[in-house]
Amino acid sequence: MKYSPILLLFFLITCQTYSPWKSEWKQKDGIEVFYAAVSAKASAQAIESGSLAMRRTTCVNATNLLSTSPKLTNILLEQESVELTETEMKDLARLISAHKIKPKQDSCQSEEGGFFLSSPAWENCQCLYTIEYPGGRAQFRKDLVQVK
């Protein structure tokens, strides 16, 4: 079977296309789950090394550090277009920590495509985390009202 060079080029270009994920509430297995998109950057050492594996590892590790409760609380608040005072944020953080929510990494992607040699792939990345907030979005909104 022979493939046309144009078809092959099109395939390579479309495989390298980056489409950012967005943070949003979705139904998953009958429950409302929040998907948080967290972006990060690989370490300077990994970028300088030229190692794709090292860039990927350090970038994904950076999203894990950023997927802590304060960062995810901010992402949840952005989704609801709500601003809280510092005291209200602390109260909300206490409520969220009482739920013992553990974000789970769903998937990760490089924010830049590129071709095989000298690719900037995985210098910046984005990972999607699922947050199963007990009671879903409705309960999160009730918790927001409670701290306001």
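What pairs come out if I take residues in the stretch 60-72 that are touching a residue at least 12 places away in the same chain (Cβ under 8 Å) and pair them with residues that are in a helix (DSSP H, G or I) and β-branched (Val, Ile, Thr) whose C-beta lies under 8 Å away, six or more apart or interchain?
Once the first residue is touching a residue at least 12 places away in the same chain (Cβ under 8 Å) and sits in the stretch 60-72, its partners that are in a helix (DSSP H, G or I) and β-branched (Val, Ile, Thr) give Ser69/Ile96.
Against the definition (touching a His at 6+ places or on another chain (Cβ under 8 Å) and under 20 Å from Ile31 (Cβ atoms)), how does Pro103 come out, yes or no?
Criteria not met by Pro103.
What number goes with the only condition from (1) in contact with a Cys (Cβ under 9 Å, 6 or more places away or on another chain); (2) assigned to a loop (DSSP other than H, G, I, E, B); (3) aliphatic (A, V, I, L, M) that Ala121 does not pass?
Evaluating Ala121 over (1) in contact with a Cys (Cβ under 9 Å, 6 or more places away or on another chain); (2) assigned to a loop (DSSP other than H, G, I, E, B); (3) aliphatic (A, V, I, L, M) leaves (1) as the failure.
For the structure I just gave you, tell me whether Tyr129 is in contact with a His (Cβ under 8 Å, 6 or more places away or on another chain), aromatic (Phe, Trp, Tyr) and touching a residue at least 12 places away in the same chain (Cβ under 8 Å). Even if it seems obvious, please write down each step before you answer.
On the way: in contact with a His (Cβ under 8 Å, 6 or more places away or on another chain): no; aromatic (Phe, Trp, Tyr): yes; touching a residue at least 12 places away in the same chain (Cβ under 8 Å): yes.
In short, no.
For the subset of the stretch 96-111 comprising residues that are surrounded by fewer than 14 Cβ atoms within 10 Å (Cβ to Cβ) and not charged (D, E, K, R), which member is farthest from the chain's Cα centre (by Cα)?
The residue in question is Ala98.
So Ser107 fits all but one of (1) of a type in the set (Gly, Ala, Ser); (2) farther than 21 Å from Val33 by Cβ; (3) modelled with pLDDT of 95 or more; what number is the exception?
Among (1) of a type in the set (Gly, Ala, Ser); (2) farther than 21 Å from Val33 by Cβ; (3) modelled with pLDDT of 95 or more, the lone unmet condition for Ser107 is (2).
This table checks each residue for (1) modelled with pLDDT under 95; (2) not in a helix (DSSP H, G or I).
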{"residue": "Lys2", "(1), (2)": "yes, yes"}
{"residue": "Leu9", "(1), (2)": "yes, no"}
{"residue": "Thr14", "(1), (2)": "yes, no"}
{"residue": "Thr17", "(1), (2)": "yes, yes"}
{"residue": "Pro20", "(1), (2)": "yes, yes"}
{"residue": "Tyr35", "(1), (2)": "no, yes"}
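The values are calculated or read from the model by the stated rules, or taken from the named source; none is laboratory data. This one's a predicted model, so the numbers in the text were calculated from it and none came from an experiment. We place every Cβ from the backbone using ideal geometry, glycine too, and count neighbours over all the protein chains shown.
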